[in-house]
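These notes concern the structure reproduced below.
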Amino acid sequence: MKKTIIEKFAVPEKKIEIVYNAIDETLFSPMPRHIAVQKTGILGSPVFLCVARLEREKGAQNAILAMHSLIKDYPTALLIIVGDGSYRPQLEFLAKDLKVHHNVKFTGFVDFSLLPQYFNACDMFLNPTIRQDGYDLTVLEAMSCEKPVIASNIGSMPTAISHGKDGIL
């Protein structure tokens, strides 16, 4: 955004201050996994989590496609997709079509106060977005719960993740 403002609106760089988004670290903090699993009922190994509004640009279809390859080596792997939206029927069809529907669980909408339990119940957080703009706080929430993150290397993701250090882009 800084680069765009400088280039398109001829605003001097010294007049721009970057303020990064933040999350509530008291809410999004590590908890023992067995407690999170008990509260969510999530059982699988490994467990991958994707939290998003279920629209095409959020990329949950990429996580489902990855499960198709992953379950060959990890048949008990589980992908939890938290959220709802107009793209959900297509995602459910894709999971059935790829025969991974037993390894993919759609929770629908989950109250914000319960999200930390889902982050703490997973082994890895996925943010497979295909959109360029926006800043997805779920990456920060997962990191605050000390979960490894794999995210698309587009948009604002490189401001939250240094590849190979804080996660994988």
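Computed from the coordinates by the stated procedures, all read-outs in this text should not be read as laboratory data. Keep in mind the model is a prediction, meaning the values are calculated, not measured. When we count neighbours, we look across all protein chains shown, and the Cβ atoms used for this are built from the backbone with ideal geometry, even at glycine.
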query = For the range 1-54, what value does the Rg/Rh ratio take when both radii are computed over Cα atoms and Rh is the Kirkwood radius, given to two decimals?
reply = 1.29
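Any chance you could run the full-extension gain for residue 165 through residue 8? It's 0.36 nm times the residue separation minus the Cα-Cα distance, nm to one decimal.
53.3 nm
Quick one: length gained pulling residue 56 to residue 114 fully straight, 0.36 nm per residue minus the C-alpha distance?
Numbers: separation 58, 0.36 × 58 = 20.88 nm, distance 2.43 nm.
Residue separation times 0.36 nm, minus the Cα-Cα distance, leaves 18.4 nm.
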message = Please compute the modelled spin-label separation between residue 135 and residue 15, points set 7 Å along Cα→Cβ, answer in nm with one decimal.
response = 2.1
Equivalent ellipsoid dimensions for the range 1-123 as semi-axes, Å, which come from the Cα gyration tensor, largest first = 33, 21, 13
task = Calculate one ³J(HN,Hα) per residue across the range 67-80 by plugging θ = phi - 60° into the Karplus curve 6.51 cos²θ - 1.76 cosθ + 1.60, and present them in order as whole Hz with x for glycine and proline.
result = 4, 4, 7, 5, 5, 5, 9, 10, x, 9, 4, 9, 10, 9
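Report the relative contact order of the chain, percent, no decimals, based on alpha-carbon pairs under 8 angstrom and at least 6 residues apart. Before the final figure, lay out the partial values.
On the way: 278 pairs, mean separation 42.2, N = 169.
Averaging sequence separation for qualifying contacts and normalising by length gives 25 percent for the chain.
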query = What GluC sites (Glu not before Pro) does the range 7-62 have in DSSP loop regions with at most 12 other beta carbons within 10 Å?
reply = 17, 25
